[in-house]
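The values are calculated or read from the model by the stated rules, or taken from the named source; none is laboratory data. These numbers come from a predicted model, not from an experiment. Please note: Cβ atoms are built from the backbone with ideal geometry, for glycine as well, and neighbour counts cover all protein chains shown.
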Amino acid sequence: MNYRLYIPGPVNVSEKTLRAMAVQPMGHRSADFVTLYRSIQPGLQELFQTREPVFVSTSSAWGVMEGAIRNLVRKRVLNCMNGAFSDKWNDVAKRCGKEADALQFEWGQPVDPEALRTRLASGSYDAVTLIHNETSTGVLSPLPEIMAVLREFPEVFSIVDAVSSFSAVPIAKDDLGIDLLLTGSQKALALPPGLALFSVSPRALERAQSQPDRGYYFDLLEFAANHEKGMTPSTPVIPLIFALKSKLEDIAAEGITTRHQRHQRLSQKVRDWAVARGFSLFPKAGFESRSLTCVANTLEVDLPALNRLLKERHGLVIDGGYGKIKGKTFRISNMGDETDASIDAVLHALDAVLPEATPARTAS
Ligand SMILES: *Cc1c(COP(=O)(O)O)cnc(C)c1O
């Protein structure tokens with residue numbers, strides 16, 4: 001059961017990364033672990049564009065997304081919502097006992113900075129959540145413009161999910177004034193699932209100190225205190241930290257700018273292919289993700305049949321749409337290590353099976 005994944009997470013993992021994980025565990029309070037932990041900080045800080053520590057959480061992204069709510073939302077949070085993950089964050093905030101309001105945009109639309117400014121002007125909020133790249137709809141929201149609005153409201157803390165855009169597009173955490181920036185391992189970084197990475201502002205740590213029920217596992221102050229010792233609060237998934245170290249070497253060898261350009265080029269290639277075949281793109285024009293493509297299924301392709309043919313004949317898998325747009329859209333990832341050759345391969349395979357999965361159109 002070995003298929004090549006082109007779904008927007010988890011994504012295909014390189015042989016080098018897999019080999020990097022094949023290590024005996026070490027004590028997580030040992031000098032060897034401290035060396036490992038400290039060795040990944042410079043590369044992570046460069047990617048986060050931060051002078052602050054980058055914390056390593058053994059959890060999926062949702063752990064930190066929930067932890068961010070518990071540590072940083074005092075009373076009321078505004079959730080920017082334009083897809084499955086950002087909509088869900090509103091529900092999660094309520095489950096954490098917070099007052100949480102929706103700033104809802106239609107799926108396929110980006111978050112509009114002007115609409116955000118209007119809502120924040122009410123003075124009701126102390127935090128905002130934002131998903132930079134809505135993976136369910138393939139929409140990249142304009143982060144610099146959104147952060148410019150947030151900087152007009154210094155009492156409002158910004159919590160930004162970059163799970164599927166991190167390292168694919170530049171994100172200047174410190175310069176933009178992001179209070180908590182997070183990502184996960186299995187999407188844009190092309191590591192196996194199980195790690196989340198995040199970095200916070202100094203004022204976020206201050207606010208956490210006066211939060212009564214921030215819990216233990218995702219307590220920012222525990223992460224900060226352990227970081228000083230070169231450690232994590234509890235036993236981390238050490239093989240994945242070795243995988244991350246290997247990945248940071250790959251990123252440094254490629255060059256961060258070259259990596260960004262590669263994602264831009266490969267996503268453009270998929271978009272061009274989709275449009276040339278007569279599909280339209282699901283995201284609003286100009287806000288398309290650079291790490292995945294969400295194609296509107298305007299040709300009414302039988303997506304389960306398409307994926308069955310892709311799997312049986314070509315050994316690869318794309319995504320047949322997520323949440324309420326399942327079947328109406330399909331998604332192709334170009335995250336992580338994808339190359340011109342690997343993207344050409346999935347597009348050629350799609351061309352080979354599309355006619356069989358597309359209903360015959362009768363000429364009218
Ligand atoms: C996948 C995804 C998540 C959830 O990640 P988990 O690792 O499953 O917790 C959150 N946000 C975005 C944008 C995602 O793509």
What pairs can you find where one residue is in region 143-156 and more than 21 Å from residue 169 (Cα to Cα), the other is surrounded by fewer than 20 Cβ atoms within 10 Å (Cβ to Cβ), and their Cβ atoms are less than 8 Å apart, with a gap of 6+ or different chains? 151/177; 152/117; 152/120; 153/120; 155/126; 156/120; 156/126
If you go through region 80-109 one residue at a time, how many are surrounded by fewer than 22 Cβ atoms within 10 Å (Cβ to Cβ), touching a strand residue (DSSP E or B) at 6+ places or on another chain (Cβ under 6 Å) and not in a helix (DSSP H, G or I)? 5
Boolean, residue 221 is under 24 Å from residue 11 (Cβ atoms) and either polar (S, T, N, Q) or in the same structural domain as residue 155 (by TED's automatic domain parsing) (or both): no
Among the residues of region 199-212, are any closer than 19 Å to residue 93 by Cα, out of contact with any Pro (no Cβ under 9 Å at 6 or more places or on another chain), touching a residue at least 40 places away in the same chain (Cβ under 8 Å) and within 16 Å of the ligand (Cβ to nearest atom)? no
Somewhere in region 98-106, is a residue within 16 Å of the ligand (Cβ to nearest atom), touching a residue at least 24 places away in the same chain (Cβ under 8 Å) and either touching a Leu at 6+ places or on another chain (Cβ under 7 Å) or under 21 Å from residue 163 (Cα atoms) (or both)? yes
Going by the structure shown, is residue 76 modelled with pLDDT of 95 or more and either within 16 Å of the ligand (Cβ to nearest atom) or of a type in the set (Ser, Thr, Tyr) (or both)? no
Inspect region 13-36 for any residue being in contact with a strand residue (DSSP E or B) (Cβ under 8 Å, 6 or more places away or on another chain), assigned by TED's automatic domain parsing to the domain that holds residue 213 and closer than 30 Å to residue 252 by Cβ and give the result as yes or no. no
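Looking at 130, 140, can you tell me which residue is more than 20 Å from residue 98 (Cβ to Cβ), within 22 Å of the chain's Cα centre (by Cα) and either modelled with pLDDT of 95 or more or crowded, with 24+ Cβ neighbours inside 10 Å (or both)?
140
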Residue check: is residue 130 assigned by TED's automatic domain parsing to the domain that holds residue 58, within 16 Å of the ligand (Cβ to nearest atom) and in a loop (DSSP other than H, G, I, E, B)? no
Going through region 180-194 one residue at a time, which ones are surrounded by fewer than 24 Cβ atoms within 10 Å (Cβ to Cβ) and more than 15 Å from residue 18 (Cβ to Cβ)? none
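Restricting attention to region 150-198, which residues are within 16 Å of the ligand (Cβ to nearest atom), of a type in the set (A, V, I, L, M, F, W, C) and not in a strand (DSSP E or B)?
We begin by selecting, within region 150-198, every residue within 16 Å of the ligand (Cβ to nearest atom); these are 158-169, 171, 178, 180-198.
The next check asks that each one be of a type in the set (A, V, I, L, M, F, W, C); those that pass are 159-160, 162-163, 166, 168-169, 171, 178, 180-182, 188-191, 195-198.
Selection gives 162, 163, 168, 171, 178, 188, 189, 190, 191.
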